[in-house]
Each structure stands twice: as C-alpha cells, then as structure tokens.
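Here's the structure we're looking at; comments come further down.
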Amino acid sequence: MSKSLQAIRGMNDILPEQTPAWRYLERTFADLLDGYGYSEIRLPILEFTELFARGIGEGTDVVDKEMYTFLDRNEESLTLRPEGTAGTVRAVLEHGMTGGGQVQKLWYAGPMFRYEKPQKGRYRQFHQIGVEVFNLAGPDIDAELIVLTWRLWKKLGLADSVTLQLNSLGSSEARATYRDALVAFLKERYDQLDEDSQRRLTTNPLRILDSKNETTQALLVGAPTLHDYLDEESRVHFEGLKARLDAAGIAYEINPKLVRGLDYYSRTVFEWVTTKLGSQGTVCAGGRYDGLVTQFGGKPTPGVGFAMGVERLVLLLETLGLVPAELARPADLYVCAFGEPAELAALTLAERLRDALPGVRLLVNAGAGSFKSQFKKADKSGAQFALIMGDDELAARVVGFKPLRGEGEQQNIAWDALPEHLAACLKQA
Ligand code: HAM
C-alpha cells in the first residue's frame, strides 16, 4: 500500500481485539467517577491556537515543538488539542460554570494530539481520561483525586504496579525566586550542561531538573532545591496533602525534581509511574493550577486535575494479563438459515429472541453460503449454540438447536418454546 494510504505515523487504529480492554477501562473509570459525584464534559478537539499557547505556555515542549497547528479556510490559526485542561478552563469560563465560587467536578475522555517521536507508549494521537475540579482550594481535594486514582488501580489490579511521585511547586512568586536561584547556579556551570539544558536555561529552566542527561543530573546534586524556596502557605498545603495520604494509607515518594512539562501548575504536582512499560512509564499525571483561570481573564478560581494515558494503561493491563477474559466473550448463538423463506423467518425469530432475552449475543449469518460453510462459520465464531432454519423447520414452526461445544445432540425446538429453552441452556453453559 502506498504510504499516503496508510495511517499517519504515531496515529493508531484500535482494532476489534483491543477495543474490549478500552471499553473496560473507560467504563470502570466512568462508574468510579459517578461514585464520587463527578460529571462528564465533552469538548471540541480543535481550539484556537492561542488557547494552548497561553494556557500551556510558550517555552514548553508541547507548545514550541509538538502542536498540530494549521490555518483554516478563514485564515484562523487552529490547533488539535494536545491536552484537555486548557479546553476545560475555556469551557467553564465561557458557560459561567465557576461564577460565584461554584464548585465543578468534571471529567472527560478522548483523543489528544502531540507531534512527538513515536515509540512504545508514546503516540501522536493518544487518548486521555482526565478530571478537572474548580473552586476547591484545600489539600483535601488534591487528596481526593489521588485517592480516587488509587481506587481505580485497585479495581484494575494495578495497585502493586504503580507508585506515586509527589511534589509541591509552591506559589508562582516562590517559583520565580527559585528559578532565579537555579539559573544563577547553572550559569556558573553552563559549559558542563548538555545542549538541551543550555537552551532550556533561557526558555524553561525548571525543566532542566527533569533532564535525562547524566552529567547534568550530577551537576544538579549541589543545586538549590525547590523546597528551600517554598512559601509558607504552600508548605502548609503540602503538609495537609501528605497527612491525608498518610491517613488513607497511600504510599508516596517526594520527588523534588518533579516539575511537569506544562507551565500552568502551582503547588501540588503528582505522577503515577510504572516500571513495567520501559521509558514511557507515567500512566497518570496532574496537579494544581490555581492561576490558570485568571490567566484566561476569569476571576481567581482554584483548579486541580489530572489525566491518564489510556494507551499506556491498556498496555499495562495487557502486559500483566489483567484484561478480564470474559470481555472478549464470543456470541452465544449463531443463526444459520437456508433458502429465502427460512432466512426471512430466521431474521424475525432472531429479533424476537433479542426482545425476550436482553443481553443475549446473537450472530445472524442467514443465507451466507452452503450448509457446510455456514456450519464451519458457526463453529469458528466460538458461539455456544447454533440455530438452524431450513424449509422443513419453517413448515413445522421449529428450529434445529445444536450445541457447538461439548456434548449434546441437535434437537428441534418449537419457536414459542425457544426463548425459555435458550435461557436455560445459556445458564447451564
Ligand atoms: P501530561 O503529563 O502531559 O498532562 O499527560 C498526562 C498523561 O497522558 C501522561 O502521563 C501519559 O500517560 C499520557 N500521555 C501524554 N503524552 C502522551 C503521548 N504522546 N502518548 C501516549 N500517552 C501520552 C496533561 O496532559 C495535563 N493536562 C494533565 C492535567 C489535568 N493536569 C491537571 N489537569
């Protein structure tokens, strides 16, 4: 196939064998969020470029290098959303949802787009499930977000495979003072920094803390740390969060170098990390962004949230063999019919069975091929039973009922008795 007729690199088809795991994850999450009183919000995939440039911040990798930006027919610069927080803030402001201190607890799910170098766990179109909470300033809500993700890990069987990294970035003033101190420290060692970090020294110096370069990391050992600069209010907030996590029995590791790649954070930041996926091990990340709403022209409105990477979580579930087998359950019943009158009757009968037995999985293949080929397909489908309808069955108002797995002979069942018979057989199977 020519390249232009193939999927774009880093943008994956999610094939039928994978979608059950996706639905399982999405459903588990949605049910869990219902239990905490969160509401779903659905947002456009395209926004004005300025929303992300201002929200996520010039100087971040996402804005400077990774956005899918283009001019539409009206010459307006639009961008495929690289994440969900900026759009959520825009929406709550636009609809007056946070006015008068109204609390909002929202979640969303959907595709995000970043022009990154694709590898296992990192894609150009990927999917997030995210949560954003507005107008709650205390550490209790930061704790709730972590507690509910912890509950999700336990539900999915992942609790032993993820660890929590935690940090506080302090107020924006405290961070600015710290940034100056860090820059002063690193400027004296400029020549020893890797190229990327040299560039970041002017664009986004805090990100140097995240550097994968070993020489740079060695240099950072003696560097001032964020925690030395934490303002008193942020320190109290952070202590409050830690106390709540301790009370909930959730283990965490304080990582003073955790700064996150998006500019809007203040105070709490956290990441859930696994060692089982190689270098792309962060499965869920978030934090507090108390200044973002004012940055967009709104009244001061505290905000906090997180997003998890669906691909990474599905990979993790698959790697650990934790996708429940029954998700891929084949059809219960495969309907074969021969000759047009029997085909028509089979279709009607199938609909009647669907009425009588909600939830039954019924695959109709009426009229597709010879007797032999239909049976072959019925067997291959993995269904428990086959229903057979031909001219003789039609005349006698019965169907042939044939167990496809294990013991049992084919028998004729009257149409009216079929729902009851099928229900009993399925229960047994
Ligand atoms: P983020 O750390 O950029 O944060 O992304 C959150 C998660 O999305 C990551 O931890 C990862 O699991 C997944 N992810 C990110 N990029 C990719 C990619 N290229 N391929 C596959 N998965 C990826 C945010 O997006 C913030 N909006 C989170 C947030 C919400 N903070 C506050 N509220």
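Using Cβ point charges alone (K and R +1, D and E -1), the dipole size of the chain about the Cα centre works out to roughly 620 debye.
Return the loop-located trypsin sites (Lys or Arg not before Pro) in region 325-429 (DSSP other than H, G, I, E, B) with at most 12 other Cβ atoms within 10 Å of their own Cβ; answer none if there are none. If you can, show how the numbers build up before the last one.
On the way: sites: 352, 354, 361, 372, 376, 377, 380, 397, 405, 427; in loops: 361, 397, 405.
Counting only loop positions with at most 12 other Cβ atoms within 10 Å, the trypsin sites (Lys or Arg not before Pro) in region 325-429 are 397, 405.
If you average the alpha carbon positions of region 342-367 and of region 381-404, how far apart do those two centres end up, in angstrom? If you average the Cα positions of each part, the centres end up 11 Å apart. A DSSP coil position with no more than 15 other Cβ atoms inside 10 Å describes the following trypsin sites (Lys or Arg not before Pro) in region 155-202: 189. Placing unit charges on the Cβ atoms only, positive for Lys and Arg and negative for Asp and Glu, gives region 328-423 a dipole magnitude near 480 debye about its Cα centre. Taking Cα atoms only, the orientation of helix 139-156 departs from the longest principal axis of the chain by about 30 degrees. Short-range pairs are left out: with C-alpha atoms under 8 Å and at least six residues apart, the relative contact order of region 22-91 is 32 percent. In whole percents, the pair-distance distribution calculated for region 91-189 from its alpha-carbon pairs, binned every 10 Å from zero, is 11, 23, 34, 27, 5.
Relative contact order (percent) for region 379-429, with alpha-carbon contacts under 8 angstrom and 6 or more residues of separation? Numbers along the way, then the final one.
Values: 53 pairs, mean separation 14.2, N = 51.
Reported relative contact order: 28 percent.
A straight chain from residue 320 to residue 40 at 0.36 nm per residue would run longer than the Cα-Cα distance by 97.9 nm. Converting phi to 3J(HN,Hα) with the Karplus coefficients 6.51, -1.76 and 1.60 and the offset θ = phi - 60°, region 169-178 yields 8, x, 6, 5, 5, 4, 5, 5, 4, 4 Hz in sequence order, with x at every glycine or proline. For the chain, a Gaussian network of Cα nodes joined below 10 Å ranks 61, 228, 210 by mean-square fluctuation, and the top entry is 228.
Derived scalar couplings between HN and Hα for region 89-99 equal 4, 4, 5, 5, 5, 4, 9, x, 7, 10, x Hz in order, rounded to whole Hz, by the Karplus curve 6.51 cos²θ - 1.76 cosθ + 1.60 (θ = phi - 60°), x for Gly and Pro. Can you tell me which of 250, 413, 141 moves the most in a GNM of the chain? Springs connect C-alpha atoms under 10 Å apart. Comparing 250, 413, 141 in a Gaussian network model of the chain, the most mobile one is 413.
Across region 326-416, the relative contact order, built from alpha-carbon pairs under 8 Å that are at least six residues apart, equals 32 percent. Here the calculated FRET efficiency for residue 355 and residue 217, from their Cβ-Cβ distance with R0 = 51 Å, stands at 0.20, rounded to the nearest 0.05. Across every pair of non-identical alpha carbons in region 18-148, the mean reciprocal distance, once inverted, gives a Kirkwood radius of 16.3 Å. Among the GluC sites (Glu not before Pro) found in region 139-227, those both in a DSSP coil and sparsely packed, with 15 or fewer other Cβ atoms within 10 Å of their Cβ, are 188.
Magnitude of the charge dipole for region 10-60, about its Cα centre and with charges confined to Cβ atoms of Lys, Arg (+1) and Asp, Glu (-1), is about 60 debye.
Out of all Cα-Cα pairs in the chain, roughly what percent, to the nearest whole number, are more than 33 Å apart? Across the chain, Cα pairs with separations above 33 Å total 49 percent.
Any read-out appearing in this document is the output of simple, stated calculations on the displayed coordinates, not a laboratory observation. Bear in mind that the values here come from a model prediction, so they are computed numbers and not experimental data. Note that each Cβ is placed from the backbone with ideal geometry, even for glycine, and that neighbours are counted across all protein chains shown.
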